[in-house]
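Student: Pasting a structure below so you can have a look.
What follows is calculated from the coordinates using simple rules that are stated; it is not laboratory data. In this text, all values refer to a predicted model and were calculated from it rather than measured experimentally. As a convention, Cβ positions derive from the backbone with ideal geometry for all residues, glycine included, and neighbour counts pool all protein chains shown.
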Amino acid sequence: MSATVVTVIVGLFSGALGSVLGPIFMHLLRRRERSEEREREIHRELRLMMEQRLEDCGEAAAAVFGILVHLDAGHSPLDAYSRSMARRWDRSKDQPRRRWEPYRIRDETLRALAERLHDSLREFDSYLLSVTDTIPQQWRVQLEQRERQLHELQREVRLRLDELRW
């Protein structure tokens with residue numbers, strides 16, 4: 001009889017404990033899931049921001065190709081630059097731009113790479129304009145080196161993004 005009473009008491013106690021602790025644990029699990037989902041959404045936004053900057057690198061490479069084609073066609077360096085950049089702006093004017101916010105990236109390595117990529121891209125765009133001031137053959141040689149550096153930096157950024165699984 002005492003085993004039955006103990007079993008009933010333990011059953012009632014565990015049922016009461018389960019009914020009290022169950023909602024608490026469910027609340028904690030839901031809170032954790034919401035936090036993880038919020039973190040995934042932040043990573044998605046940051047990945048899209050980085051992908052847009054990487055696409056800008058592709059646009060810069062297309063502008064280089066356009067400048068070289070126009071130079072080979074006999075256009076002046078200023079005309080080649082103007083035509084190529086006009087085409088670049090026409091292609092990108094209808095695309096929505098994401099804000100560039102590298103400070104939101106918590107991974108120090110990726111943040112440093114993102115800032116280097118941004119600075120390199122701005123420097124690269126500025127260098128494209130220098131076609132009007134230098135000898136086209138010298139410009140081409142220096143451009144190839146800068147383009148390789150930009151592509152290497154792009155590769156490093158993509159590799160780090162893949163490592164983080166964003």
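Student: Within the set of pairs 6+ apart or on separate chains, which have a first residue in segment 101-115 that is touching a residue at least 12 places away in the same chain (Cβ under 8 Å), a second that is of a type in the set (A, V, I, L, M) and outside any helix (DSSP H, G or I), and C-beta atoms under 8 Å apart?
Tutor: Sorted first by the residue in segment 101-115, then by its partner, the pairs are Ala114/Ile105.
Student: Within segment 128-158, track down each residue that is surrounded by fewer than 18 Cβ atoms within 10 Å (Cβ to Cβ) and either polar (S, T, N, Q) or touching a Lys or Arg at 6+ places or on another chain (Cβ under 7 Å) (or both).
Tutor: Ser130, Thr132, Thr134, Gln137, Gln138, Gln142, Gln145, Gln149, listed by residue number.
Student: Would you be able to say whether some residue in segment 93-102 is out of contact with any Asp or Glu (no Cβ under 9 Å at 6 or more places or on another chain), buried (at least 16 other Cβ atoms within 10 Å of the Cβ) and within 27 Å of Val69 (Cβ to Cβ)?
Tutor: For segment 93-102, residues out of contact with any Asp or Glu (no Cβ under 9 Å at 6 or more places or on another chain), buried (at least 16 other Cβ atoms within 10 Å of the Cβ) and within 27 Å of Val69 (Cβ to Cβ): absent.
Each row is one residue, and each column tells you yes or no for (1) in a helix (DSSP H, G or I); (2) of a type in the set (Ser, Thr, Tyr); (3) within 29 Å of the chain's Cα centre (by Cα).
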{"site": "Ser14", "(1), (2), (3)": "yes, yes, no"}
{"site": "Gly18", "(1), (2), (3)": "yes, no, no"}
{"site": "Leu21", "(1), (2), (3)": "yes, no, no"}
{"site": "Arg32", "(1), (2), (3)": "yes, no, yes"}
{"site": "Glu36", "(1), (2), (3)": "yes, no, yes"}
{"site": "Arg53", "(1), (2), (3)": "yes, no, yes"}
{"site": "Cys57", "(1), (2), (3)": "yes, no, yes"}
{"site": "Ala62", "(1), (2), (3)": "yes, no, yes"}
{"site": "Val69", "(1), (2), (3)": "yes, no, no"}
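Student: So the check is Cβ under 7 Å with 6+ separation or different chains; which pairs have a first residue in segment 73-89 that's exposed (fewer than 15 other Cβ atoms within 10 Å of the Cβ) and a second one that's assigned to a helix (DSSP H, G or I) and of a type in the set (Ser, Thr, Tyr)?
Tutor: Hits for this filter: Leu78/Thr132.
Student: Restricting to segment 97-147, name every residue that is in a helix (DSSP H, G or I) and of a type in the set (S, T, N, Q).
Tutor: Of everything in segment 97-147, those that are in a helix (DSSP H, G or I) and of a type in the set (S, T, N, Q) turn out to be Thr109, Ser120, Ser126, Ser130, Thr132, Gln137, Gln138, Gln142, Gln145.
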